[in-house]
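Everything on this sheet refers to the single structure shown next.
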Amino acid sequence: MVKTSDSHPIQIGTITLPIVGTKIGMTFCPGKKGPGLYSGHWNRDLEKDLSAIIDWGAVALVTLVEEHEFAELHVPDFRQTVIDSGLEWFHLPIVDGSIPDDRFDRALQGCRGRITELLCKGKGIVIHCRGGLGRTGLFAAMLLSDFGMEPEEAISLIRGARPGAIETLEQENYIHTYFRNNQRRNLEHFLGCMLGGAIGDALGAPIEFSTLAQIREKYGKGGLRTYDKAYGRAGAITDDTQMALFTAEGLLRACCKANEKGIGPTFPSMIHHAYQRWLITQEKQFGEVGGSGWLINCRELFSRRAPGTTCISALQDGRVRLLTDCTWHNTSKGCGAVMRVAPIGLFVQSPYVYRMWSAEQRDKEAFEIGQASGYLTHGHPSGYLPAGFLSMLIGRIIAAGVKVVVASAEFKRRRAGWLPPVVQD
């Protein structure tokens, strides 16, 4: 029996990415010809199959077969035909029945950012290999993992849409290993970091200006162990948390601008715009602020806590202070910069961004964006450099590249010599 594109229309197994809700399709090689694996003979039409893929909703096709397989499948003009169809084409070869190797990793490095960008914009992609099972299911699972899905859930979802997908134990094990290496780049970890910072800020608010003796006098030797009243209530959101949220907004707005216009403003300038909106929530007496945002519409944030004098005064004149100015706009060494930059470390490791940069570039960007955002308000190196360091450190923790060891014996030994805690790469 001869199977054609008319007698057997191409079947595309469909899954949906978490968070963004974008469709991913999985299928066999479009246009293939030759003997079938179990029965019959393929004599498909490549142009008809590609048209069906476009009708499904795809804007891009990811090909996982090796170069020599195009001839074996009798689709020698595959590359050009796909390009002529209007689909974006990504060639990421994997040996049939195997797992990604260095060649795949190099190819993926060149297009990873673009694939992620398409998915984040809701643009559907279709993945294929020879039969649409092993390699196709494996790469689909990698994408699900990038967006935070656990391995077993990803495998189950893929096999539900494409029975028989992910064919070997080696491929299953690779998915688990891939997830372990990327498991912190998901929404739960990002929310946990932001929520943990907010909880710590709220817990410390009642004792922010107290001495150790005053804390012990009021709460005992163990210190404060639960929320106490600050700003008229227990667990109130602090100015530190407010500014961290506006830092995140500035980063997101910079990405939105870049997506809309193809080239965007700098991160420090957009973060500065966000801080100007934060200033409105604190003083309610300033005019229009350039750029749009979301948090300015959150009435709960129109609450003045105990914002630092440096932050307020540095933002009041409206100037964007840059490190390249070569002059200090103030000499503040305070903690008002470092306390708000956690979102920067999260941002450089986010699924949308981290694929575009190498690990070294992510470190560099996190540090530079962190210190630049710190310099917007704090002119002394002791004020803005810690902001750069913390941004980079959080990014590394998310990437699972750093583990801070807290051990009492080690701490006591190092404290005697005034050395910092051990940081292991």
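The values are calculated or read from the model by the stated rules, or taken from the named source; none is laboratory data. Everything quoted here is computed from the prediction, not taken from an experiment. Cβ coordinates were reconstructed from backbone atoms using ideal geometry, including for glycine residues, and neighbour counts include every protein chain displayed.
Quick look at the values:
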quantity: Of all residues in segment 179-197 being buried (at least 19 other Cβ atoms within 10 Å of the Cβ) and more than 14 Å from SER350 (Cβ to Cβ), the one that is modelled with the lowest pLDDT; calculated: PHE179
quantity: Residue within segment 148-157 that is of a type in the set (A, V, I, L, M), at pLDDT below 95 and assigned by the TED database to the domain that holds LYS32 present; calculated: yes
quantity: So HIS8, is it closer than 16 Å to ALA140 by Cα and not basic (Lys, Arg); calculated: no
quantity: Options ALA213, ALA234, ALA248, ALA230; residue that is surrounded by 13 or more Cβ atoms within 10 Å (Cβ to Cβ) and either over 25 Å from ASN297 (Cα atoms) or modelled with pLDDT of 95 or more (or both); calculated: ALA248
quantity: Test: residue in segment 165-179 that is more than 22 Å from ASP96 (Cα to Cα), in the same structural domain as GLY122 (by the TED database) and free of Cβ contacts under 8 Å to residues at least 12 places away in the same chain; calculated: no
quantity: Count of segment 321-355 residues which are among the aliphatic types (A, V, I, L, M) and touching an Asp or Glu at 6+ places or on another chain (Cβ under 8 Å); calculated: 2
quantity: Counted residues, segment 322-337 - those being surrounded by fewer than 22 Cβ atoms within 10 Å (Cβ to Cβ) and under 15 Å from GLY383 (Cα atoms); calculated: 10
quantity: Which numbered condition THR177 fails, given (1) farther than 25 Å from PRO343 by Cβ; (2) over 22 Å from the mean Cα position of the chain (by Cα); calculated: (2)
quantity: Segment 51-73, subset free of Cβ contacts under 8 Å to residues at least 40 places away in the same chain and of a type outside the set (Asp, Glu), residue surrounded by the most Cβ atoms within 10 Å (Cβ to Cβ); calculated: PHE70
quantity: Residue ID - modelled with the highest pLDDT, chosen from residues in segment 293-307 that are within 21 Å of PHE267 (Cα to Cα) and not in a loop (DSSP other than H, G, I, E, B); calculated: LEU295
quantity: Condition check for GLY97: buried (at least 16 other Cβ atoms within 10 Å of the Cβ) and either under 29 Å from ASN173 (Cβ atoms) or under 36 Å from the mean Cα position of the chain (by Cα) (or both); calculated: no
